[in-house]
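The values are calculated or read from the model by the stated rules, or taken from the named source; none is laboratory data. Everything quoted here is computed from the prediction, not taken from an experiment. Glycine also receives a Cβ, built like all others from the backbone with ideal geometry; neighbour counts cover every protein chain displayed.
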Amino acid sequence: MIERWSDHEIIKVYQKAKLGVMESDIFRHCILYDKGGYYFDISKGTQVSLRSLHSKSTEALISNEPVECIIPPHNDLFKKLNYPHNNFLTWGLGFKRNHPIPKMMIEAISNDYKHYLGKIFSRPKLAVLSLTATGQFTKMVRDYILNNECDDNQLIQSGIYFNGKGIFSMKGCRVRHHLVPSYADLKEISVL
């Protein structure tokens, strides 16, 4: 992060993050922008090869959660989104190098983090989701699709949990919470 992003505001957010989950959120978007490729949380996976979910010309592979977003999309997006009422997930995704969506996430986090500095959140998980994860990502994907022409091959919206082939909780993954408590269980703390 320091080598590649030291001249960008995102490094300040990364360094101020009080939760490891935020650091990994920021890192995933930076590394995907810089290098391209796939990212999956350590506890997630798919039942099929990732390459089977897209073609060689695909530039972005994203998927939705079965969770509805409380903010509806722009009217012009209802026909462009496979699941217009659902959040896009961030636990598994893929992008070609220098794709605009990870860059949009980096810029959005950098622009919004000041609103979170020093603020105590009764449910910090919601602050994380809205700044560095699902909420922000859903907004950026919607903005990208709204403002760019992309065919179904360039940006693959691979349904809910990768068309049912995603694994939300890999066998044995809960062991990690015996060592480090889940950020979802924290209360009344600042995230930055």
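Looking at region 27-36, is at least one residue among the acidic types (Asp, Glu) and in contact (Cβ under 8 Å) with a residue 40 or more places away in the chain? So that I can check it myself, show each step before the final result.
The first filter runs over region 27-36 and keeps only residues among the acidic types (Asp, Glu), leaving 34.
Those still in the list that are in contact (Cβ under 8 Å) with a residue 40 or more places away in the chain too: 34.
Checked region 27-36: at least one residue is among the acidic types (Asp, Glu) and in contact (Cβ under 8 Å) with a residue 40 or more places away in the chain.
In region 47-88, the residue that is surrounded by the most Cβ atoms within 10 Å (Cβ to Cβ) out of those that are of a type in the set (Ser, Thr, Tyr) and closer than 22 Å to Ala133 by Cα is Ser63. Taking the criterion of being more than 24 Å from Pro72 (Cβ to Cβ) and part of a helix (DSSP H, G or I), the residues of region 113-138 that qualify are Tyr113, Lys114, Pro124. Only residues that are among the charged types (D, E, K, R) and at pLDDT 90 or above were counted across region 139-192, and they come to 6. The lone criterion from (1) β-branched (Val, Ile, Thr); (2) buried (at least 17 other Cβ atoms within 10 Å of the Cβ); (3) not in a helix (DSSP H, G or I) left unmet by Val141 is number (3).
Would you check if there is a residue in region 56-65 being among the charged types (D, E, K, R) and in a strand (DSSP E or B)? Yes: region 56-65 contains one or more residues that are among the charged types (D, E, K, R) and in a strand (DSSP E or B).
Residue pairs whose Cβ atoms lie under 7 Å apart, separated by 6 or more positions or on different chains, with the first residue in region 112-140 and within 18 Å of Gly20 (Cβ to Cβ) and the second part of a helix (DSSP H, G or I) and charged (D, E, K, R), are Leu131/Asp112; Thr132/Asp25; Ala133/Asp25.
Can you confirm whether region 145-162 contains a residue that is over 23 Å from Leu53 (Cβ atoms) and either of a type in the set (A, V, I, L, M) or under 17 Å from the mean Cα position of the chain (by Cα) (or both)? Yes, that holds for at least one residue.
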